[in-house]
1. Sum up the charges of everything whose Cβ sits under 12 Å from the Cβ of E31, counting Lys and Arg as +1 and Asp and Glu as -1, but leave E31 out.
2. In vacuum, with every alpha carbon of the range 4-81 counted as one equal point scatterer, what does the Debye formula give for log10 I(q)/I(0) at q = 0.18, 0.23, 0.26 Å⁻¹? Two decimals, please.
3. Going by C-beta contacts inside 10 Å, put D17, D7, D122, D85 in order with the fewest on the left.
4. Of all the Cα-Cα pairs you can form in the range 78-139, what percent are over 16 Å apart?
5. Taking the 0 to 90 degree range and rounding to the nearest ten, how far is the long axis of helix 22-31 tilted relative to the main principal axis of the chain, both from C-alpha atoms?
6. Remind me, what semi-axes does the range 2-138 give for its equivalent ellipsoid, largest first in whole Å, using sqrt of 5 times each Cα gyration tensor eigenvalue?
7. Can you sort W115, W67 so the residue with the fewest Cβ neighbours within 10 Å comes first?
8. Pull up the cross-link candidates among the lysines for K27, meaning alpha carbon to alpha carbon under 25 Å and not fewer than 8 places away within one chain.
Amino acid sequence: MTVVTKDITLQSRGDCDIIDITSQVAKSVEESRVDSGIVTLFVVGSTAGITTIEYEPNLVSDFRNMWDRVMPRSIAYEHDKTWGDGNGHSHVRASTLGASLVIPIVNKRLTLGTWQQIVFVDFDNRPRSRKIAIQIMGE
């Protein structure tokens, strides 16, 4: 069994910034010595999440707008009383989306559908430097 650990570092704009990281993850898998196994992605931080989506402009817009309808920024969040930084909505959205994703690897390739990309979503209310931990495991 081989285990390879890497990081992706990126700059995000916040406010539901959605960034396609598929090529960076695929490159990490290709560079590893793993032919068959899994890759686990984990967002380091509590105001961002990770998922898969068809990364096309209209669906990205629909996805972004859904968060405003379901968990609006404009309502009161108890967390905002703790630090006064106004990002309670960011924490709730991130915990709902989730901080990790696991994808099978077959023949050194990610097992993704034709229209399926890996996206990082930053819900915070300001730009940030972000880190995603990648762990590739297999044979």
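1. For residues surrounding E31, the net value is +3.
2. Values, matching the q order: -0.92, -1.24, -1.41.
3. By the 10 Å Cβ count, ascending: D7, D85, D17, D122.
4. Result: 62 percent of Cα pairs exceed 16 Å.
5. Between helix and principal axis, roughly 30 degrees.
6. Details: eigenvalues 174, 52, 25 Å².
Taking √(5λ) for each Cα gyration eigenvalue gives 29, 16, 11 Å.
7. In order of increasing Cβ crowding within 10 Å: W115, W67.
8. K27 reaches K6, K108, K131.
Here, each number is a calculation from the coordinates, and none is a lab measurement. Just so it is clear, the model here is predicted, and its values are computed rather than measured. Neighbour counts run over all protein chains shown; Cβ positions are idealised from the backbone, glycine included.
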